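The values are calculated or read from the model by the stated rules, or taken from the named source; none is laboratory data. Owing to the predicted nature of the structure, the values given are computational and were not obtained by experimental measurement. All Cβ positions, glycine included, derive from the backbone under ideal geometry; neighbour counts span all protein chains shown. Surface areas here come from the heavy atoms of the whole protein model, side chains and all, with no ligands, DNA or RNA. Shrake-Rupley method; radii C 1.70, N 1.55, O 1.52, S 1.80 Å.
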Amino acid sequence: MPTRRALLGGGIALCVAAAARAQTPARVLTATDVHVSDYPTVEALRWFGETLERETAGRLRLRLYHSGQLGRESDAIDMTRFGAIDITRVNMAILNNPFPATQILSLPYVFKDTAHMRRALDGDVGREIARDFERRDLVCLAYYDSGTRNIYNTHRAVVSPHDLHGLKIRVPPSDIFMQLLRAFGANATPLPYGEVFSALQTHLIDGAENNWQTFQTTRQFEVAHFISRTEHSYSPEALLMSRRSLDALAPGDRALLLDVASRSVPYMRALWDRKEAAARTDVLAHGVTENEVDIAAFRADAAPMLAQYLQDPRVDAMYKSIQMLG
Ligand code: GTR
């Protein structure tokens, strides 16, 4: 049992810490994510903020704007570059055009499975892409999972690319996704993330493609009842910070923030594995039909565009180094 003296000492230490905190105003960092509050990327960001606050004794805090409260991912990237937003979590698809080094992560049928993708992100490929962000005022704090993307639609089970003919399928604003869905024979329609649900509901589009988690949390499965396991891309997520905001921190806090960000990765991965499986179970329980596809046919249709991207020596080198990890 602690003595009276120890209790008194502890109390004084707490008061001193509180007084020190009151003197140093907390730096509140703004973070954005388009996903809803309980999506794994948002939960990881919340963990990141809480850990940061605890380990800096309140000097650094995170104000998290989820559910796209601060707008589209493409705008968030620019605002982060200029320091108007401190941290943003976005998908590689949105980064493909402005940061070509990210293309390898979105290209079709590059990774064998999730473990393969994680090895690439944790290794040289991840580091090389991070250097590209640095050149344009962004610091890559972490890579997060996004699972594999499948095609879903309101009309029918898609077994071969032929079944996509005549279907308007939403893609994120990325040339890779446009070309890929066109190569599959679909009418590829780029739309911002926040507009997909109503576009499905009003029949502006016939379908979209995304991971299980997004299919579930956006409730798109309530309108699109057919999901076909094309597993055409892993396109992971990036957690990016404004170089300007990071540089403005004291060196010790900077190092701590980078460390907490890298510790958020195993937290996110564990969460992802659990939630991705639960999302699939949930949508199937709601009557969604899932089907296997003629994966060889989809791969064959994707092959020419993959080959075209591999003509770039840098993309080719990254591709080869990823294949060696497989
Ligand atoms: C999700 C991703 C989002 C967003 C979305 C999309 O998988 O997590 O950040 O990019 O896809 O397709 O727009």
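Of all residues in the range 159-183, which are within 16 Å of the ligand (Cβ to nearest atom), out of contact with any Phe, Trp or Tyr (no Cβ under 6 Å at 6 or more places or on another chain) and either open to solvent by less than 40 Å² (accessible area, probe 1.4 Å) or closer than 17 Å to SER228 by Cα (or both)? Correct list: LYS168, ILE169, ARG170, PRO172, SER174, ILE176, PHE177, MET178, LEU180, LEU181. Test VAL283 against the stated conditions and say whether it is touching a helix residue (DSSP H, G or I) at 6+ places or on another chain (Cβ under 7 Å), under 24 Å from ASP132 (Cβ atoms), surrounded by 15 or more Cβ atoms within 10 Å (Cβ to Cβ) and at pLDDT 95 or above. In short, no.
If the condition is being under 20 Å from ARG243 (Cα atoms) and within 11 Å of the ligand (Cβ to nearest atom), then the range 41-76 contributes GLU73, SER74, ALA76. Scanning the range 140-158 for residues that are open to solvent by 10 Å² or more (accessible area, probe 1.4 Å) and of a type in the set (A, V, I, L, M) yields LEU141, ALA157. Which numbered condition trips up GLY194, out of (1) within 16 Å of the ligand (Cβ to nearest atom); (2) of a type in the set (Gly, Ala, Ser); (3) closer than 25 Å to THR32 by Cβ; (4) open to solvent by less than 30 Å² (accessible area, probe 1.4 Å)? Only one criterion in (1) within 16 Å of the ligand (Cβ to nearest atom); (2) of a type in the set (Gly, Ala, Ser); (3) closer than 25 Å to THR32 by Cβ; (4) open to solvent by less than 30 Å² (accessible area, probe 1.4 Å) is unmet by GLY194, namely (4).
Filtering the range 213-240 to residues that are within 14 Å of the ligand (Cβ to nearest atom), part of a helix (DSSP H, G or I) and open to solvent by 10 Å² or more (accessible area, probe 1.4 Å) leaves GLN216, THR217.
For the range 304-316, the set of residues classified as in contact (Cβ under 8 Å) with a residue 24 or more places away in the chain and open to solvent by less than 40 Å² (accessible area, probe 1.4 Å) consists of MET305, LEU306, TYR309, VAL315, listed by residue number.
Looking at ARG119, ARG131, ARG127, ARG136 in this structure, which one is open to solvent by 20 Å² or more (accessible area, probe 1.4 Å), away from the ligand (no atom under 16 Å from the Cβ) and in contact with a Leu (Cβ under 7 Å, 6 or more places away or on another chain)? Let's see the steps before the verdict.
Numbers: ARG131 fails: in contact with a Leu (Cβ under 7 Å, 6 or more places away or on another chain); ARG127 fails: in contact with a Leu (Cβ under 7 Å, 6 or more places away or on another chain); ARG136 fails: in contact with a Leu (Cβ under 7 Å, 6 or more places away or on another chain).
Residue meeting the stated conditions: ARG119.
A quick yes/no check of all residues on (1) more than 16 Å from the ligand (Cβ to nearest atom); (2) in contact (Cβ under 8 Å) with a residue 60 or more places away in the chain; (3) at positive phi:
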| site | (1), (2), (3) |
| --- | --- |
| ARG243 | yes, yes, no |
| ASP253 | yes, yes, no |
| GLU276 | no, yes, no |
| ALA285 | yes, no, no |
| ASN291 | yes, yes, no |
| ALA302 | yes, yes, no |
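Got at least one residue in the range 197-205 being within 12 Å of the ligand (Cβ to nearest atom) and either polar (S, T, N, Q) or in contact with a helix residue (DSSP H, G or I) (Cβ under 8 Å, 6 or more places away or on another chain) (or both)? For the range 197-205, residues within 12 Å of the ligand (Cβ to nearest atom) and either polar (S, T, N, Q) or in contact with a helix residue (DSSP H, G or I) (Cβ under 8 Å, 6 or more places away or on another chain) (or both): present.
Out of curiosity, is VAL90 within 16 Å of the ligand (Cβ to nearest atom), touching a residue at least 60 places away in the same chain (Cβ under 8 Å), β-branched (Val, Ile, Thr) and surrounded by fewer than 16 Cβ atoms within 10 Å (Cβ to Cβ)? Spell out how you get there, then give the answer.
Working: within 16 Å of the ligand (Cβ to nearest atom): yes; touching a residue at least 60 places away in the same chain (Cβ under 8 Å): yes; β-branched (Val, Ile, Thr): yes; surrounded by fewer than 16 Cβ atoms within 10 Å (Cβ to Cβ): no.
When the stated conditions are applied, VAL90 does not pass them.
Residues of the range 153-204 that are farther than 19 Å from ASN97 by Cβ and among the aromatic types (Phe, Trp, Tyr): PHE184, PHE197.
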